[in-house]
Amino acid sequence: MLSPSVAALTREEVPRLWKLAWPVVLGELGWQAMSLVDTFFVGRVGPEALAGVSVGSAIFFVVVIFGTGMLLGLDFLVARAVGANRADEVAGHLWHGLALAGLLSVVLTAIVVTATPHIDLLGLDVAVATVASDYLGVLSWSLPPLLFFNALRRFLQAVGAVRIVGFAMVVANVVNAVADWALVLGGGGAPALGAVGAAWATFASRVFMLAVLVAYCWRFHGDLLRVRPSWSPQRLRELAVLGWPAAVQLTLEVGVFATVTALAGRIGAVAAASHHVVLNIAAFSFMVPLGISAAGAVRVGYEVGRGDRRRTEVAGWTAIATGGAVMAGFAGLYLAVPAMLVGVFTTDPAVRDTAAALMLVAAVFQLFDGVQVVAAGALRGLGDTRTPMAVNLISHWAIGLPVGASLGFVWGWGVAGLWIGLCVGLIAAAILLTLTWMRGSARARLFPAG
């Protein structure tokens, strides 16, 4: 049984966590909503347009997830400096984060622009490849504002100003929807640009999001923005060293789901469609613990900065338990009404039946998916980004994917076997990351020495 002191600290921690988490969760759900709105409008143009946008978005996402991952070290560095009440370091980390976002913008945009003309090498249908190339050619220019937005977002989350991030995301969804209506379908007398119109709508919404955060930071944190930074290659290196394992971890995680998508496509159209439906449902619910993970990283980093070990441990365990509890609720929903959930996305009987069966597998791993992503966030709050990277590589690529491929193709279980493999990988990740947190939180080096 918990001692009264720990129980009391936990009761204090829960509202602190949720105060940080709910706007972040809202923001994460906003990303998914924006994608669904794009799909809604582009789907009315035609199958080639929708397929081209799907391919272009997938390529863009793999690149951008690496860039946003590189900035995740700001959670720890800024929160630690805030907890230690060192305003000069807060300002320094902010400016170095923006500098890293600028460097990443140049490199990653160049990669996307260079790769865009060669999409046809993927062996796509000519019409689909043309749409994907045109769409990605415009979308690539939204990468710099997106990376700068993420740098400011991480800073604001770390200082506890999270509501503005959720506000920016909600209003950006409105901007995106109106721009999609105008530029994709030609609403309001605008030119109907089809899939390319969706790319311009996305670009406009991302510039808007960045403008909102810049205006907010200048208005409420102008003292930090006006601080002349003491540029330090060491500080920039510290941020990059913290970020690159997180970036690789996220890229590996996205990569394993992309690989399973490709394998499902080899099984057949019904398997691929069912996989796509369930993956979208699972991705939507995943946004909740992902937001809790970001809040948990900030809370842990803050307590590390204050030098309070017990509160550091309570902050991490509270976040992990909250993420697991939320996903247990989603698991219950998946088990209770799987057919109703998949029926929102498809009316095809074969796809509906297969997807409903996959929902039962997805229900099993919800709890573990919530625990593993929040545990990774708690470790990030300790400044440990390398362990989640290694655990991700082992759990998904060395365990989950081989199990899924064996069950799906050797044992003949089809797409269900692939999803069981994903489930096994997530269970392994949850166990390993929780054990790592248990050990790491007890031995973590707190910021004010002693």
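The values are calculated or read from the model by the stated rules, or taken from the named source; none is laboratory data. The structure presented is a predicted model; accordingly, all values stated were derived computationally and were not measured. Methodologically, a virtual Cβ is constructed for each residue, glycine included, from the backbone with ideal geometry; neighbour enumeration extends over all protein chains shown. Note: areas computed on protein heavy atoms with side chains; ligands, DNA, RNA excluded. Shrake-Rupley method; radii C 1.70, N 1.55, O 1.52, S 1.80 Å.
With a 1.4 Å probe and all protein chains left in place, how much of the accessible area of the chain comes from carbon and sulfur atoms, in whole percent?
Working: 12900 of 18660 Å².
Summing carbon and sulfur atoms, their accessible area is 69 percent of the total for the chain.
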Legend entry - Helical contribution to [θ] at 222 nm, DSSP H n ≥ 4, -39,500 (n - 2.57), averaged over the chain, rounded to 500: -28500 deg cm²/dmol
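Taking the mean number of other Cβ atoms within 10 Å as a proxy for protection, how do you rank 149-162, 107-120, 350-363 from highest to lowest?
On the way: 149-162: 24.2, 107-120: 15.1, 350-363: 20.8.
The most tightly packed comes first, giving 149-162, 350-363, 107-120.
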Inset, instruction - Using the charge dipole of the chain (Lys, Arg: +1 at Cβ; Asp, Glu: -1 at Cβ; taken about the Cα centre), state which of L250, S35, F220 has its Cα farthest towards the positive end. - result: F220
Inset, instruction - Quick one: dipole size for the chain, taken about the Cα centre, charges +1 on Lys/Arg Cβ and -1 on Asp/Glu Cβ, in debye to the nearest 20. - result: 1480
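Over the chain, what is the relative contact order in percent, taking alpha-carbon pairs closer than 8 angstrom and at least six residues apart?
Working: 736 pairs, mean separation 95.2, N = 450.
With pairs under 8 Å counted, the relative contact order is 21 percent.
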Legend entry - Rounded accessible area per residue of the range 162-226, 1.4 Å, Å²: 45
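Could you give the DSSP H helices of the chain that reach 20 angstrom or more along their long axis (alpha carbon positions) and whose average Kyte-Doolittle hydropathy is no lower than -0.5? Don't skip to the answer; put the middle values down first.
Numbers: long enough: 4-42 (56 Å, 0.54); 47-70 (35 Å, 1.69); 87-115 (42 Å, 1.43); 143-158 (23 Å, 0.74); 163-183 (29 Å, 1.47); 195-220 (38 Å, 1.38); 233-267 (50 Å, 0.77); 269-306 (54 Å, 1.06); 309-336 (41 Å, 0.52); 349-381 (46 Å, 1.14); 414-443 (44 Å, 1.44).
Going by DSSP H runs, the hits are 4-42, 47-70, 87-115, 143-158, 163-183, 195-220, 233-267, 269-306, 309-336, 349-381, 414-443.
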Legend entry - Per residue value of the accessible surface for the range 295-425 (all protein chains in place, 1.4 Å probe), Å²: 37
Inset, instruction - Could you sort 415-422, 185-192, 378-385 so that the peptide with the highest average Cβ count within 10 Å comes first and the rest follow in order? - result: 378-385, 415-422, 185-192
